Amino acid sequence: MTKTSNQMWGGRFAAGPDAIMEAINASIDFDKRLARQDIDGSRAHAAMLAACGIISDSDADAIRKGLLTVLSEIETGKFEFSKALEDIHMNVEARLKEIIGEPAGRLHTGRSRNDQVAADFRLWVRDQIDAVDAALVALCRALLAQAESGADWVMPGFTHLQTAQPVTWGHHMLAYVEMFGRDLSRFRDARERMNESPLGAAALAGTSFPIDRNMTADALGFDRPAANSLDAVSDRDFALEFLSCASICAMHLSRMAEELVIWSSAQFRFVTLSDRFSTGSSIMPQKKNPDAAELIRAKIGRIFGANVALMMVMKGLPLTYSKDMQEDKEQTFDAADNLMLALAAMEGMVKDMQANRESLEAAASSGFSTATDLADWLVRELGLPFRDAHHITGSLVALAEEKNCDLPDLTLEDMQSVHDGIRQDVFDVLGVHNSVASRTSYGGTAPAQVREQIVRWKGILA
């Protein structure tokens, strides 16, 4: 397949671009990822042109068949991309002309590369949102399986990475389901908002040809055509919103990755990660490193960076299209690739990891984790103001530290030395299992609440 220098500018320019201009101007090295979307858009456009009587049915049929041939060549690796032809649109159109001849020149009637690339990129981002949606659902289901298996397992809940109160393993897993569930909602909202077709906006002002924009919108699965031609070709909010949603989701992934790094350490031993998502050391044979979690934590920066980069590209652009907007794709592609990789790796780690019930319970029982339960008991049973109960509990914690024991290990006499109204039944609230079982408020850590939330989320994700 022979390629010639790009003649799309017609007679306006006497000489072609030199090597430096060609290098900075060409986008084919990365926008070839839009090939399927570009061909889908062109097929829809050609069918509409024929339906509106703008081109003949025979030309439309030749274009359709030729575009399918081009797509097959691309998908089988037989297509030769040319940097001289700048981008995916001109590469496809040039090859189409080689295959079908003159009818190929009629394909671009009533459109511009401006609305063409806006449609292609929007279709690509929409496809990516659908892939992220499926990955988030899979991750949430893996977390739900973990929550269900350990709905009544106790573990320490933390603030400031200090032991705070006992919670259940299931409750902790469900916290991430809530986070990723919000991510799922954000991506779905973004998809609905972006699902309108730029095709027919042409360069910026629409077209004088009697086109049917609703027909092309319907053919490509859009809900509607974009209502303003200026905005249609210059809008990249859909990519920015995708990157914004991706950044928040990535932050959640990074937080969980950090916990897995901590939990799998010899100092915690809360979880054991599978060999599939761990590596060893070249010098220390005992090491089992949580590399997948660490790489998720690191790759997240690329997603944040892509979000900021595209904001910087768009922030100073007047309406409508500027060549700056060619820089919208590389960072979006990279962010999408890394988000999908991170989601897949996290799902794999969550599905494979083994929670160490004994270590979790031992940690939950240390660090005076039931101090709040003791303070609540003083308020509930003795009628003390909470601030007084807080002070008494603090004194009992100090006494336990002095005796090098935990609160349940103090004797009744020890407790009565701080407040003589304390009774034997106070010990009923000091066990970690009693503590979590008592947290029955909606959204609390009690196993019964955890199981209710599991049922709720299974319904949401069904």
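Values for this structure:
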item	result
Residue list for region 217-231, restricted to those being closer than 16 Å to W124 by Cα and either crowded, with 16+ Cβ neighbours inside 10 Å or more than 29 Å from the chain's Cα centre (by Cα) (or both)	A217, A219, L220, F222
Count of residues meeting criterion [open to solvent by 80 Å² or more (accessible area, probe 1.4 Å) and either under 35 Å from the mean Cα position of the chain (by Cα) or of a type in the set (D, E, K, R) (or both)] in region 416-440	4
Every pair of residues 6+ apart whose Cβ atoms lie under 9 Å, when the first sits in region 236-253 and is more than 19 Å from M312 (Cβ to Cβ) while the second is of a type in the set (G, A, S)	C249/A342; L253/A342; L253/A345
Qualifying residue in region 270-282 (condition: within 23 Å of the chain's Cα centre (by Cα), at pLDDT below 95 and loosely packed, with under 15 Cβ neighbours inside 10 Å)	yes
Of all residues in region 22-60 being assigned to a helix (DSSP H, G or I) and among the β-branched types (V, I, T), the one that is surrounded by the most Cβ atoms within 10 Å (Cβ to Cβ)	I39
Condition check for P198: over 19 Å from R126 (Cβ atoms) and either open to solvent by less than 20 Å² (accessible area, probe 1.4 Å) or out of contact with any strand residue (DSSP E or B) (no Cβ under 8 Å at 6 or more places or on another chain) (or both)	no
S254 being touching a Lys or Arg at 6+ places or on another chain (Cβ under 8 Å), of a type outside the set (A, V, I, L, M, F, W, C) and open to solvent by 10 Å² or more (accessible area, probe 1.4 Å)	yes
Filter result (surrounded by fewer than 16 Cβ atoms within 10 Å (Cβ to Cβ) and at pLDDT below 90) within region 405-415	C405, D409
Near pairs, Cβ below 6 angstrom, 6+ apart or cross-chain, from region 376-394 (open to solvent by less than 70 Å² (accessible area, probe 1.4 Å)) to any residue that is of a type in the set (F, W, Y)	V379/F386
Residues of region 382-418 satisfying the condition of being more than 22 Å from A362 (Cβ to Cβ) and among the aliphatic types (A, V, I, L, M)	L382, L384, A389, I392, A398, L399, L412, M415, V418
Filter result for V450 (over 39 Å from the mean Cα position of the chain (by Cα) and in contact (Cβ under 8 Å) with a residue 12 or more places away in the chain)	no
Any hit, region 128-135, residues being open to solvent by 10 Å² or more (accessible area, probe 1.4 Å), in contact with a helix residue (DSSP H, G or I) (Cβ under 8 Å, 6 or more places away or on another chain), at pLDDT below 95 and part of a helix (DSSP H, G or I)	no
The listed residue being under 29 Å from the mean Cα position of the chain (by Cα) and not hydrophobic (A, V, I, L, M, F, W, C), out of R122, R113, R106	R122
Tally, over region 395-404, of residues that are among the charged types (D, E, K, R) and surrounded by fewer than 11 Cβ atoms within 10 Å (Cβ to Cβ)	1
Residue within region 425-435 that is modelled with pLDDT under 90, in contact with a helix residue (DSSP H, G or I) (Cβ under 7 Å, 6 or more places away or on another chain), on the phi < 0 side of the Ramachandran plot and hydroxyl-bearing (S, T, Y) present	yes
Single residue of S365, S322, S369 found to be of a type in the set (S, T, N, Q) and open to solvent by 40 Å² or more (accessible area, probe 1.4 Å)	S365
Candidates P290, P285 - the one that is crowded, with 20+ Cβ neighbours inside 10 Å, of a type outside the set (A, V, I, L, M) and at pLDDT below 95	P290
Among (1) more than 30 Å from L184 (Cβ to Cβ); (2) touching a residue at least 24 places away in the same chain (Cβ under 8 Å), the one test that M415 misses	(2)
Count of region 105-120 residues which are surrounded by fewer than 22 Cβ atoms within 10 Å (Cβ to Cβ) and closer than 13 Å to I63 by Cα	4
Those residues of region 428-462 which are aliphatic (A, V, I, L, M) and part of a helix (DSSP H, G or I), in sequence order	V429, V432, V436, A437, A448, V450, I454, V455, I460, L461
Counted residues, region 80-89 - those being more than 32 Å from the chain's Cα centre (by Cα) and surrounded by 15 or more Cβ atoms within 10 Å (Cβ to Cβ)	4
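The values are calculated or read from the model by the stated rules, or taken from the named source; none is laboratory data. Every value quoted in this text rests on a predicted model; they were computed, and no experiment measured them. Glycine gets a Cβ as well: all are built from the backbone with ideal geometry, and neighbour counts include every protein chain shown. Surface areas here come from the heavy atoms of the whole protein model, side chains and all, with no ligands, DNA or RNA. Shrake-Rupley method; radii C 1.70, N 1.55, O 1.52, S 1.80 Å.
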